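Peer 1: I'd like to ask you about the structure that follows.
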Amino acid sequence: MQQETIKHVTHVRTLIVGGISHLKVDGTAMAKNACIQEIESGIAYETRPPSILPGARIIVILDSKTEQKHLRTVADGTEENNLGGLPDF
């Protein structure tokens, strides 16, 4: 059985208007759309917060009004491991 590849997001770059534009994935800056493509192809992403908290899985959602794809974490009741809780870079 093949082990699942998981990429870890430690930082985000947020635009004043428009949300997240880039993520720091395993030490490399990646555009949001590139991350969306990898997640949709089956590569798992999760946050790695600076604290000792466990990360949260990142999923792609579709805004039904704008038909744009966005990233969000699976709800687990912990705000610190959400994308918005990660430091900026």
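Each reported figure results from applying straightforward, stated rules to the coordinates on display, with no laboratory input. What you are looking at is a predicted structure, and each value in this text was computed from that prediction instead of being measured. Methodologically, a virtual Cβ is constructed for each residue, glycine included, from the backbone with ideal geometry; neighbour enumeration extends over all protein chains shown.
Peer 1: Please work out how many pairs of lysine residues in the stretch 6-85 are eight or more positions apart (or on different chains) and have Cα atoms closer than 15 angstrom.
Peer 2: 4
Peer 1: Let me ask you something else. Using a 10 Å cut-off around each Cβ, can you sort Val74, Val25, Val17, Val9 from fewest to most neighbouring Cβ atoms?
Peer 2: Starting with the residue having the fewest Cβ neighbours, the order is Val17, Val74, Val25, Val9.
Peer 1: Okay, moving on. Neighbour counts of other C-beta atoms within 10 Å: give me Arg57, Arg48 arranged from fewest to most.
Peer 2: Arg57, Arg48
Peer 1: Okay, next question. Name the residues whose placed amide hydrogens come within less than 5 Å of the amide hydrogen of Ser21, ignoring near sequence neighbours (fewer than 5 apart) on the same chain.
Peer 2: Excluding prolines and chain starts, which carry no amide H, the hits are Arg13, Thr14, Leu15.
Peer 1: Please give me the summed charge of the neighbours of Asp63: other residues whose Cβ is under 14 Å from its Cβ, Lys and Arg +1, Asp and Glu -1.
Peer 2: With Lys, Arg at +1 and Asp, Glu at -1, the neighbours total +3.
Peer 1: Next question, about the same structure. For Glu46, Glu79, what ranking results if the residue with the fewest other Cβ atoms within 10 Å of its Cβ goes first?
Peer 2: Glu79, Glu46
Peer 1: Under a 10 Å cutoff between Cα atoms, tell me which one of His11, His22, His70 has the largest fluctuation in the Gaussian network model of the chain.
Peer 2: Largest GNM mean-square fluctuation: His70.
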